[in-house]
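The values are calculated or read from the model by the stated rules, or taken from the named source; none is laboratory data. Predicted model, so just to flag it, every value in this text is computed and none were measured. For neighbour counting, all protein chains shown are included, and Cβ atoms are generated from backbone atoms with ideal geometry for every residue, glycine included.
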Amino acid sequence: MAELRQKGFKHLPELVKSDSAEERAYLEDVAIGAVDWLLKQISTESRRLLWLLTQALEEVPEALLQAIYSGLSEYDEFLLQVQQFLADKAQLPAELQEMLDALPPEIIAQATHFQADAKALSPIAPLLNELLQKGLVQKESDSVHFHELVRERCDCWMQQHPDETEGLTAQQVLQRYGERYVAIFKALRENNKIGESIEAGRRALTYFCRAQAFEALMGFASRFITSTNDQQTLQAVIAELQALLPLVPEGQARWSLNTCLADALVRSGQSQAALPFYQQAASAAEQAEHWPGLAAICHNWGELY
């Protein structure tokens with residue numbers, strides 16, 4: 001227990017190494033008990049932050065974790081920024097004042113009346129420090145890491161104490177991560193950081209797939225897939241979409257994502273494998289008499305020839 005507290009749970013594998021299966025099982029039980037004990041010692045808000053963190057599929061930059069904890073959308077943050085600018089307008093440079101004056105009246109009205117929940121504006125630093133002190137997470141550079149066992153035990157805790165999630169589901173948290181990575185993808189593309197943007201886009205698509213966020217995925221997947229020729233990324237996208245498609249209900253989401261999968265297959269050099277997905281998508285769109293959708297599918301399909 002003392003070594004776990006001192007080193008943190010990323011060192012757990014080296015602590016449970018043993019040639020004896022019986023001893024390994026005992027040490028794993030001790031580790032589970034240690035995590036459960038630590039979860040009881042921290043505050044409710046720190047547990048909630050830990051749960052939000054451990055829904056992630058990889059390490060999380062602290063700034064991103066703050067955004068996930070806040071629950072604010074990108075547009076909410078824009079309104080808050082406008083609200084702050086309006087409050088400080090007299091001290092702003094003339095150029096910024098002109099930009100504010102040029103905003104549509106409805107946006108000014110929204111910003112003026114926007115009220116964020118106090119918790120949404122609270123910094124996570126004190127909560128994160130508590131988790132770091134207990135050894136439940138580790139921080140390297142600006143990213144926060146956690147051990148898989150911490151994820152498992154935190155999920156188990158929340159299943160037994162669902163009120164601590166404040167009504168959020170795991171799928172909704174995954175969608176939050178996806179939406180944030182879309183914003184990061186856009187910002188990186190605008191700054192011509194193409195390599196970094198590809199990884200952000202891959203993460204966004206992956207989170208939307210895992211969240212089964214079909215609407216969000218429809219709005220992003222095609223744009224991302226057609227923006228990259230990186231073969232490793234395309235293979236990851238293909239695997240995610242192939243796993244997701246059986247879960248997608250019939251209708252526009254299904255034919256849209258069939259088209260995205262076909263596009264990814266084509267860009268990865270698998271044109272023949274793409275044909276059945278184009279055919280399924282075109283047939284479904286035609287049956288629904290969704291002519292704009294059919295036109296888009298046929299356009300992509302036609303680029304094979």
Checked 90, 120 against criteria (of a type in the set (Gly, Ala, Ser) and either surrounded by 12 or more Cβ atoms within 10 Å (Cβ to Cβ) or at positive phi (or both)); the one match is 120
For region 288-298 the number of residues that are of a type in the set (A, V, I, L, M) and exposed (fewer than 15 other Cβ atoms within 10 Å of the Cβ) is 2
Would you check if there is a residue in region 193-204 being crowded, with 21+ Cβ neighbours inside 10 Å, over 21 Å from residue 64 (Cβ atoms) and in contact with a helix residue (DSSP H, G or I) (Cβ under 6 Å, 6 or more places away or on another chain)? no
Heads up, the helices (runs of 4 or more DSSP H) in region 189-305 (entirely inside) with at least 2 residues that are free of Cβ contacts under 8 Å to residues at least 12 places away in the same chain, farther than 24 Å from residue 56 by Cβ and among the hydrophobic types (A, V, I, L, M, F, W, C) are 291-302
The residue from 264, 285, 243 that alone is under 24 Å from the mean Cα position of the chain (by Cα) and crowded, with 20+ Cβ neighbours inside 10 Å is 264
In region 280-301, anything farther than 16 Å from residue 265 by Cα and small (Gly, Ala, Ser) is listed as 282, 283, 284, 285, 288, 293, 295, 296
Residue count, region 217-238, condition closer than 15 Å to residue 300 by Cα and under 20 Å from the mean Cα position of the chain (by Cα), comes to 6
Notebook entry, point to check: Out of curiosity, is residue 98 out of contact with any Asp or Glu (no Cβ under 8 Å at 6 or more places or on another chain) and assigned by TED's automatic domain parsing to the domain that holds residue 53?
Noted result: no
Per the filter on region 176-198, residues among the acidic types (Asp, Glu) and touching an Asp or Glu at 6+ places or on another chain (Cβ under 9 Å) are 179
